[in-house]
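Please read the structure below before turning to the comments.
The values are calculated or read from the model by the stated rules, or taken from the named source; none is laboratory data. Worth saying up front: this structure is predicted, and the values here are computed from it rather than measured. Here Cβ is always computed from backbone atoms with ideal geometry, including for glycine, and neighbour counts include all displayed protein chains.
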Amino acid sequence: MLLNNLFILLFLFSEENKKIQELDSLFYYGYYEQVIEKGKNYLQEKELKKNERERILILLAQSYIILGEEAEGKNYFSLLLKLNPKIKLDEKEYPPKIVEIFENLKKELKEKEVIFKKELDKKILIYPGIYQLKNNEKLKGVFFFTMETASLAFLLPSYIFMKNAHNNYLNEKDVNEIEKKYQIYKLSYNLFYSTIITSSLTYIFHLIDITF
């Protein structure tokens, strides 16, 4: 019984690795086009394990590079790094050129990631309150963030209110209602521009706070 179970496990294991063994064999004998063709098809299979997917991506990248299509090879190395950012290519197992291309790409992607994060931080910190909150100035951060968010949220409704009030005032024919409509328009006008001023002042004080 134990031997039967062991045999079944070994059979299943060999079946799971059959595709990898096939690709390894094709690669070893220099059939790089077939590695690419079959490897791409195998990548579409959802039941692939992570280590199997990694191996296929490496074989595809190597095959493209050997065939002189380095850019396409890098694309598959990029997919590999997305799948496993910590993966390394053993210098004893892979040719120096392949390892060099992989390591250079890894550094390049890391640098791009750092630049992207810095740019993202800059954009985020522009919004009032975020910088203060990141620097543990909670009271000031909440104040700036709340004031700016409330002002921006109220900007469109106050503008619509002002436009409607203005149209109602201009279209009013009843002499007794004109003054009333004018006062409503005046109120809406003050509300709209008060919102703009509040937002602008909040932003200015925020910039002063992060600059000095």
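Could you give every pair whose Cβ atoms fall below 6 Å, whose first residue belongs to segment 22-38 and is not assigned by TED's automatic domain parsing to the domain that holds Ala61, and whose second residue is of a type in the set (Gly, Ala, Ser) and modelled with pLDDT of 95 or more, counting only separations of at least 6 or pairs across chains?
none
Please verify whether segment 175-187 includes one or more residues that are free of Cβ contacts under 8 Å to residues at least 40 places away in the same chain and either in contact with a Leu (Cβ under 8 Å, 6 or more places away or on another chain) or outside any helix (DSSP H, G or I) (or both).
no
Filter segment 195-204 down to residues that are at pLDDT 90 or above and buried (at least 16 other Cβ atoms within 10 Å of the Cβ), then give me how many there are.
Here the count works out to 4.
Checking the conditions here, which among Phe161, Phe143, Phe116, Phe192 is aromatic (Phe, Trp, Tyr), in a helix (DSSP H, G or I), loosely packed, with under 12 Cβ neighbours inside 10 Å and without any contact (Cβ under 8 Å) to a residue 40 or more places away in the chain?
Phe116
Looking at this structure, is Leu79 free of Cβ contacts under 8 Å to residues at least 24 places away in the same chain, among the aliphatic types (A, V, I, L, M) and in contact with a helix residue (DSSP H, G or I) (Cβ under 7 Å, 6 or more places away or on another chain)?
Criteria met by Leu79.
Consider Ile178 carefully, then state whether it is surrounded by fewer than 12 Cβ atoms within 10 Å (Cβ to Cβ) and not basic (Lys, Arg).
Answer is no for this residue.
Out of all the residues in segment 59-74, which are out of contact with any Phe, Trp or Tyr (no Cβ under 8 Å at 6 or more places or on another chain) and crowded, with 16+ Cβ neighbours inside 10 Å?
Those that are out of contact with any Phe, Trp or Tyr (no Cβ under 8 Å at 6 or more places or on another chain) and crowded, with 16+ Cβ neighbours inside 10 Å: Ile65, Lys74.
Considering Gly30, Gly39, which residue is modelled with pLDDT of 90 or more and surrounded by fewer than 15 Cβ atoms within 10 Å (Cβ to Cβ)?
Gly30
Just one of Leu89, Leu80, Leu109, Leu105 is within 30 Å of Phe27 (Cα to Cα), of a type in the set (A, V, I, L, M, F, W, C) and not in a helix (DSSP H, G or I); which is it?
Residue meeting the stated conditions: Leu89.
Give me the residue from segment 18-27 that is farther than 15 Å from Leu57 by Cβ and charged (D, E, K, R) and, out of that set, surrounded by the fewest Cβ atoms within 10 Å (Cβ to Cβ).
So the residue we want is Lys18.
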